[in-house]
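Bear in mind these aren't lab numbers, they're just calculated from the coordinates by the rules spelled out. All values derive from a computational prediction rather than experimental measurement. With ideal geometry, Cβ positions are generated from the backbone for all residues, glycine too; neighbour counts draw on all protein chains shown.
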Amino acid sequence: MELTLAISDAATRQALFGPADRHLRMIRSTFDVRIAARDSSVKLSGRNEAVSQAAKVFEALQQRLRAGQAITEDDVTDAITLSGVTMEPVNGRAVEVYNTNAVIVPKTEGQAAYIDAIRKNDLTICTGPAGTGKTYIAVAVCVSMLKERHIRRIVLVRPAVEAGEKLGFLPGDMQAKVNPYLRPLFDAMHDMMSFEQAKRFMENDVVEVIPLAFMRGRTLNHSAVILDEAQNTTPAQMLMFLTRLGQHSKMIVTGDASQTDLPDGQTSGVVDALDRLRGIKQVGVVELDRSDIVRHRLVQRIVQAYDNGKANAR
């Protein structure tokens, strides 16, 4: 379906499109429609229902302008909501993502409890051994919330701590230097949506993947923020991260206290946070164990063998 909407003048067009066309990008990402902007018109194309809903948003925003009111990102979000996009949570524990062939279903009771905790709490801290799906489920639920319009953006965060190796000088710009640390988050996200869609979201700042150090000084509203590998944070770094939580946002902290790469004697930020925050309202705590491992069955045996070795060394 194609639909062309008239725009009265240049001032209306500038206010309607937003700074650097940000409002247009929000509408395009929400409804997955193509938008071609001309001097006096906007052409929408895509699925019939999506085009109709996007047109309702443009009309609502133009009504605000005709009434002499400015347009903010909150106004665009409100118009999108009123256009008929559902804001209800996904029913049940299955997690619907953009890739229609990749509905995420919990495979253990621990994973099901993890999904419930994320949906119910503003902050969820999840610990557990490798292979329990801590990162994968967190990314899936956040992508689902983005799809359902509960949030406007996803921020994926990781501390840039080397796992017992000294990588030395890495060539390239800043993104190239931090990509090796953030690769697991990219891998999980690309299972939830197409490469093209992920690229578009990242270009439009709908999805941001950054090292922990870059979080200082920020406040994130209407966002889902995941801190992965949190066992490699210090208590001070954890405090800095947790105080970035803004309005209408969720935070998920994941880590495996048995695999910290911090210097000997340094307290892990995730262990410290569990001690301080357990029992506080709107803080969910989920502790997965070996029974929640869903990778190759050998991983469960490997974790068991290392746990036995620690017990014998005591």
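Placing a pseudo-label 7 Å from each Cα along the Cα-to-Cβ vector at Thr267 and Glu287 gives an inter-label distance of 1.7 nm. The fewest-to-most ranking of Thr243, Thr233, Thr30 by surrounding Cβ atoms within 10 Å reads Thr243, Thr30, Thr233. Diagonalising the gyration tensor over the Cα atoms of segment 2-82 and scaling each eigenvalue by 5 before taking the square root yields semi-axes of 18, 14, 11 Å, largest first.
Between Arg149 and Ala67, the C-beta separation translates, for a Förster distance of 22 Å, into a calculated FRET efficiency of about 0.35.
From least to most packed, judged by other beta carbons within 10 angstrom and beginning with the fewest, Val206, Val270 follow the order Val206, Val270.
Here's how it looks for Val155: its modeled amide H is under 5 Å from those of Glu208, Ala224, Val225, Ile226, which are all 5 or more places away or on a different chain. With R₀ set to 30 Å, the beta-carbon distance separating Ser40 from Asp75 gives a calculated FRET efficiency near 0.85.
The slack between Ala257 and Arg278, meaning 0.36 nm per residue of separation minus the straight C-alpha distance, is 6.0 nm.
Each of His150, His248 was scored by other Cβ atoms within 10 Å of its Cβ. Listed from fewest to most, they are His248, His150. Its relative contact order, with pairs defined as Cα atoms under 8 Å and 6+ residues apart, puts segment 2-82 at 32 percent.
3J(HN,Hα) along segment 13-18: 4, 5, 5, 5, 6, x Hz, from the Karplus curve 6.51 cos²θ - 1.76 cosθ + 1.60 with θ = phi - 60°, whole Hz, x for Gly and Pro.
Available extension along the chain between Ala305 and Leu3 is 102.4 nm, counting 0.36 nm per residue and deducting the alpha carbon span.
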